[in-house]
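Student: Quick one: this structure, given as structure tokens, is what I'll be asking you about.
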Amino acid sequence: MQRVPLTPNGYKKLQEELERLLKVDRPKNIQAIAEARAHGDLSENAEYHAAREQQSFIEGRIQELKAKIAMAQVIDPATIKQTSAAFGATVKVLDVEADVEYIFNLVGPEEANVKLGKISISSPVGRALIGKDVGDSVTIKAPARTIEYEILEISFE
């Protein structure tokens with residue numbers, strides 16, 4: 001089994017979600033199933049079927065989170081002592097053509113969220129940035145256009 005890199009914050013979020021599912025959502029769902037059963041005929045009971053469907057989702061998510069936590073390799077970016085872009089780095093880049101600056105946080109696939117600037121190290125942008133230093137330029141071929149970024153700053157926080 002291959003270990004999946006996670007930041008301490010990403011690992012904590014997975015644990016918090018698992019705890020919420022186990023201690024809050026699952027008991028609420030069990031109660032909802034019991035209440036729906038009390039209403040009688042289960043074959044035509046929409047509340048019962050909805051609660052059972054929710055139960056299936058909750059149990060699936062619990063198993064998924066347990067697997068992710070078991071395979072996690074927590075890496076604290078603050079302990080990394082290097083100057084080139086790597087997992088956990090916060091990279092400030094300049095889109096050369098558009099003259100716009102972006103800040104990317106290089107994280108594992110489980111934590112990636114483009115809207116928050118968290119880019120997976122296995123994404124095309126992440127792969128292009130890994131191992132590069134301040135002042136380097138990288139070219140990424142995207143479906144819409146070819147993007148050229150100049151690396152302005154790299155930090156590990």
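Student: Run down Ala78, Ala36, Ala67 and say which single residue is touching a Phe, Trp or Tyr at 6+ places or on another chain (Cβ under 9 Å), closer than 23 Å to Leu6 by Cβ and not aromatic (Phe, Trp, Tyr).
Tutor: Ala78
Student: Does the range 99-136 hold any residues that are more than 28 Å from Arg3 (Cα to Cα), of a type in the set (Val, Ile, Thr) and surrounded by 12 or more Cβ atoms within 10 Å (Cβ to Cβ), and which are they?
Tutor: Val134
Student: When residues of the range 82-138 are filtered for being over 15 Å from Leu152 (Cβ atoms) and part of a loop (DSSP other than H, G, I, E, B), how many remain?
Tutor: Residues meeting the conditions: 15.
Student: Next up: Taking the range 67-77, which residues are over 15 Å from the mean Cα position of the chain (by Cα), touching a residue at least 24 places away in the same chain (Cβ under 8 Å) and part of a helix (DSSP H, G or I)?
Tutor: Pro77 - this is the single residue of the range 67-77 that is over 15 Å from the mean Cα position of the chain (by Cα), touching a residue at least 24 places away in the same chain (Cβ under 8 Å) and part of a helix (DSSP H, G or I).
Student: Please count how many residues of the range 31-49 are without any contact (Cβ under 8 Å) to a residue 12 or more places away in the chain, exposed (fewer than 13 other Cβ atoms within 10 Å of the Cβ) and in a helix (DSSP H, G or I).
Tutor: Qualifying residue count, the range 31-49: 4.
Student: Report yes if Ile58 is assigned to a strand (DSSP E or B) and farther than 20 Å from Tyr11 by Cβ, otherwise no.
Tutor: When the stated conditions are applied, Ile58 does not pass them.
Student: Checking the structure you have, find out if any residue of the range 50-64 is in contact with an Asp or Glu (Cβ under 6 Å, 6 or more places away or on another chain) and not charged (D, E, K, R).
Tutor: Looking for residues that are in contact with an Asp or Glu (Cβ under 6 Å, 6 or more places away or on another chain) and not charged (D, E, K, R), one finds at least one in the range 50-64, hence yes.
Student: Restrict the check to the range 108-126 and report whether at least one residue is touching a Pro at 6+ places or on another chain (Cβ under 6 Å), among the charged types (D, E, K, R) and within 19 Å of Glu16 (Cα to Cα).
Tutor: no
Student: Please verify whether Ala89 is touching a residue at least 40 places away in the same chain (Cβ under 8 Å), small (Gly, Ala, Ser), surrounded by 12 or more Cβ atoms within 10 Å (Cβ to Cβ) and on the phi < 0 side of the Ramachandran plot, treating the condition exactly as stated.
Tutor: So Ala89 fits the description; yes.
Student: Can I ask one more? (1) of a type outside the set (Asp, Glu); (2) surrounded by fewer than 16 Cβ atoms within 10 Å (Cβ to Cβ); (3) touching a residue at least 12 places away in the same chain (Cβ under 8 Å): which one isn't true of Thr139, the others all being true?
Tutor: The number of the failed condition is (3).
Student: Which residues, taken from the range 139-152, are outside any strand (DSSP E or B) and among the aliphatic types (A, V, I, L, M)?
Tutor: Ala142, Ala144
Read-outs throughout are calculated quantities, based only on the coordinates presented, and are distinct from any laboratory measurement. Just so it is clear, the model here is predicted, and its values are computed rather than measured. All Cβ positions, even for glycine, are placed from backbone atoms using ideal geometry, and neighbour counts span all protein chains on display.
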